[in-house]
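The values are calculated or read from the model by the stated rules, or taken from the named source; none is laboratory data. Predicted, not measured: the structure shown is a model, and the values here were computed from it. As a convention, Cβ positions derive from the backbone with ideal geometry for all residues, glycine included, and neighbour counts pool all protein chains shown. Side chains are part of the model used for accessible areas, which takes the heavy atoms of the whole protein and leaves out ligands, DNA and RNA. Shrake-Rupley method; radii C 1.70, N 1.55, O 1.52, S 1.80 Å.
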Amino acid sequence: MTFLLVDPPHKIWTILRAWVPSPGCLQLLGYLEREGFDIDYMDCTLNENPWRDLEEKVRTEKPDVIGISVICTAFIYDGMNAANLIKAVSPQSVIIIGGEHPSFMAEETLRDCPAIDYICVGEGEVTLTEFLRAIEKKEDLSKVSGLAYLNEKEEFIYTGDRPFIEDLDTLPMPAYHLAKMEHPYVEIPSEGRRGLVVNFSRGCTWDCTFCSESAFYKRTWRRRSPKRIADELQLLKEKYNRDIFYVGDNTFNVTREQGIGFIEEMLKRKTNQHFWLQSRADLIIRDEDLLDGFREAGVYQFMMGLEYHADSVLKDIRKRHTVEQARKAMELLKKHKLMVMATLLIGHWEETEEDRKTFLRFFRKYVDHFGLNLITPLPGTPLFYQMKERGRIEDLDYRNFDYLHAIMPTKEADNLEQVNLIYKDMMRRYYWRPSELLKLFSRNPILRHHHRYYITKVAFNIMMHEIFGKPMWVQPNYQEYKDYLVERGEDLREKLTALAK
Ligand code: B12
Ligand code: SF4
């Protein structure tokens, strides 16, 4: 039995131009390897010719089962296109797809893309293992929980929820040895060449209405122990020379013990690595006495979902912190010489120009990194169902569900183009201020590097695009699937176009 896990071809994230091997894929691979399966991995984004290389690999190797990973709603069509291509060249390969979006939208995904045979709903390690064993032994797949599929009568079948893995420390080390760790795209250029994204916990115990992570993990939180985290970081330093990390955990310090343990381990190991962690305003306040420790352990920045400057909106999105707590958390981080990255949401229904002015005044005083997003009803979230009911979702092209494109109008801006213009205007108003440009010469090397990178590469490109119509940056090897179909020629094209969305 051979298994190939595919991360389909994607556009690299334009805002930070970052790409990394998906932590979820590496975790799945580590698990399957330990279970003794014959596995392979293809992160297509890193291939010279992403679609052609995928096609050739599948055609020559014809793996028995092919898994496709889709971690963001914005990537779902890439996953479907990969499934279509694979089915056309190797119809006997069984295709299973996993990730948040297909889990939430299982029936829709199966009906939209008949090339997909199964969906793994929820956490993947155990479901995928049981699924592969059942296929190997030709057993009844309806007994494997966590699977969705269409039966012979085209009826939608869901085999039921699989319980979460209780202890994440029972998982093996992610399979870094199967990733192209030295590929030039594998970096977070805004942070540094040796940057990487890692993930040590799953879920979050809060319930913000727009959050897909909390919905996916049903408001639970599990984490690796600090010792295991430090083992992974040490490996990444010693074997792969990685020293700067965006830690993808939604809320790193849900418990104080996790923060304390992390500080102790990292101080003991002295790996000289640097971290950008994510947390909440109320937890930063709770853990004020740990902030110096975090800094000494290598943390240089906390990213917090501060979202908005008005309590009424915070209440509406169930953020469960107040504006006063947001202010205090930012002040504390500054006091303890930690950088503040605020992720913020605009585009609320009642929002006015006056609100946006107050918003900018409130946040620009403290924020080092301004993560401005448009509120997006990600499928599976309470916000999605609320907005669907109110008929406010005006764009259902999932490619645009990346927080940068308007999906919903506001009361005042009643078409999406207007909301998009508001977003661009806010970015301009924030970035093109003297105090922001002075960060280009900051004495803080990380802040200086980030701003030089962001303003000279990303913001300049956006400006040239808007003023002179220059194309937006994409990585040189990127190819749209439809262009690949044209390049590929008639025989296959007809077959593929029939399947393609
Ligand atoms: C790493 C990461 C990235 C990487 C992507 C690397 C890659 N190769 O895909 C980078 C930094 C490039 C990135 C970019 C973006 N990201 Co991102 N990213 C993450 C992050 C931090 C970690 C994902 C992860 O590995 N999680 C850990 C694993 C264990 O969970 P998992 O991926 O869900 O995998 C499990 C299951 O889903 C399942 N599974 C997954 N795949 C498969 C496949 C098979 C076959 C099976 C059986 C099972 C299975 O099993 C896995 C293990 O149990 C998450 C946040 C988070 N904490 O998860 C956000 C997250 C996935 N990103 C998100 C978003 C929105 C984006 C962006 C669109 C914009 C943005 N503002 O961040 C951009 C994409 C733009 C672009 N064109 O690149 C959202 C997605 C929300 C959604 N529902 O759409 C998340 C959840 C963060 C958030 N809350 O906002 N991201
Ligand atoms: S605190 Fe963050 S991770 Fe937790 S539910 Fe809210 S948005 Fe999601």
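Of note:
Residues are listed down the side, and each one gets a yes or a no for (1) more than 10 Å from ligand 1 (Cβ to nearest atom); (2) touching a Pro at 6+ places or on another chain (Cβ under 9 Å):
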{"site": "Gly192", "(1), (2)": "yes, no"}
{"site": "Val197", "(1), (2)": "no, yes"}
{"site": "Thr209", "(1), (2)": "yes, yes"}
{"site": "Arg224", "(1), (2)": "yes, no"}
{"site": "Ile229", "(1), (2)": "yes, no"}
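- Whenever a residue of segment 203-214 is assigned to a loop (DSSP other than H, G, I, E, B), its partners that are among the acidic types (Asp, Glu) and near ligand 1 (Cβ under 9 Å from one of its atoms), lying with C-beta atoms within less than 7 angstrom and at least six residues away or across chains, give the pairs Cys204/Glu213.
Each row is one residue, and each column tells you yes or no for (1) in contact with a Ser or Thr (Cβ under 6 Å, 6 or more places away or on another chain); (2) more than 25 Å from Arg194 (Cα to Cα).
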site	(1), (2)
Met266	no, no
Phe302	yes, no
Gly305	yes, yes
Ala329	no, yes
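- Filtered residues of segment 78-94 (kept if open to solvent by less than 10 Å² (accessible area, probe 1.4 Å) and under 21 Å from the mean Cα position of the chain (by Cα)): Gly79, Met80, Ala82, Ala83
- Of all residues in segment 177-200, none satisfies being more than 24 Å from Asp43 (Cα to Cα) and touching a residue at least 40 places away in the same chain (Cβ under 8 Å).
- Subset of segment 45-56 [of a type outside the set (A, V, I, L, M) and crowded, with 21+ Cβ neighbours inside 10 Å]: Thr45, Pro50, Trp51, Glu55
- Test: residue in segment 326-349 that is open to solvent by 30 Å² or more (accessible area, probe 1.4 Å) and either of a type in the set (A, V, I, L, M) or over 22 Å from Gln278 (Cβ atoms) (or both): yes
Yes or no, residue by residue, for (1) in contact with a Pro (Cβ under 6 Å, 6 or more places away or on another chain); (2) within 30 Å of Pro377 (Cβ to Cβ); (3) more than 16 Å from ligand 1 (Cβ to nearest atom):
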residue	(1), (2), (3)
Glu265	yes, no, yes
Ser279	no, yes, no
Ser312	no, yes, yes
Arg318	no, yes, no
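- Scope segment 123-144; condition of a type in the set (Ser, Thr, Tyr) and within 13 Å of ligand 1 (Cβ to nearest atom); matching residues: Thr127, Thr129
- Scanning segment 317-328 for residues that are out of contact with any Asp or Glu (no Cβ under 7 Å at 6 or more places or on another chain) and free of Cβ contacts under 8 Å to residues at least 60 places away in the same chain returns Glu324, Ala326, Arg327, Lys328.
- Taken over segment 21-43, the criterion of being open to solvent by less than 20 Å² (accessible area, probe 1.4 Å) and of a type in the set (A, V, I, L, M, F, W, C) is satisfied by Cys25, Leu26, Leu29, Leu32, Met42.
- Among the residues of segment 361-386, the ones that are open to solvent by 10 Å² or more (accessible area, probe 1.4 Å) and over 22 Å from Phe210 (Cα atoms) come to 6 in all.
- Helices (runs of 4 or more DSSP H) within segment 63-122 that include 1 or more residues among the charged types (D, E, K, R), more than 12 Å from ligand 1 (Cβ to nearest atom) and over 16 Å from Leu5 (Cα atoms): 106-112
- In segment 5-26, residue nearest to the chain's Cα centre (by Cα) [restricted to those that are aliphatic (A, V, I, L, M) and closer than 19 Å to Glu125 by Cα]: Leu26
- Filtered residue count, segment 215-236, keeping only those that are surrounded by 19 or more Cβ atoms within 10 Å (Cβ to Cβ), within 18 Å of the chain's Cα centre (by Cα) and in a loop (DSSP other than H, G, I, E, B): 1
- Any hit, segment 134-145, residues being out of contact with any Lys or Arg (no Cβ under 7 Å at 6 or more places or on another chain), of a type outside the set (A, V, I, L, M, F, W, C) and open to solvent by less than 30 Å² (accessible area, probe 1.4 Å): no
- So Gly67, is it of a type in the set (Gly, Ala, Ser), surrounded by fewer than 24 Cβ atoms within 10 Å (Cβ to Cβ) and within 25 Å of Glu166 (Cα to Cα): no
- Positions within segment 279-302 being near ligand 2 (Cβ under 10 Å from one of its atoms) and open to solvent by 20 Å² or more (accessible area, probe 1.4 Å), in sequence order: Asp282
- The lone exception for Ala148 - which of (1) more than 13 Å from ligand 1 (Cβ to nearest atom); (2) more than 30 Å from Leu16 (Cβ to Cβ); (3) surrounded by 11 or more Cβ atoms within 10 Å (Cβ to Cβ) it fails: (1)
- Scan of segment 241-263 for residues that are open to solvent by 10 Å² or more (accessible area, probe 1.4 Å), within 16 Å of ligand 1 (Cβ to nearest atom) and over 13 Å from Val299 (Cβ atoms), ordered by number: Gly248, Asn250, Val254
- Where a residue in segment 448-471 is farther than 13 Å from Thr14 by Cβ and its partner, wherever it lies, is of a type in the set (A, V, I, L, M, F, W, C), with Cβ under 6 Å and at least six apart: His451/Leu440; Arg452/Leu440; Lys470/Met464
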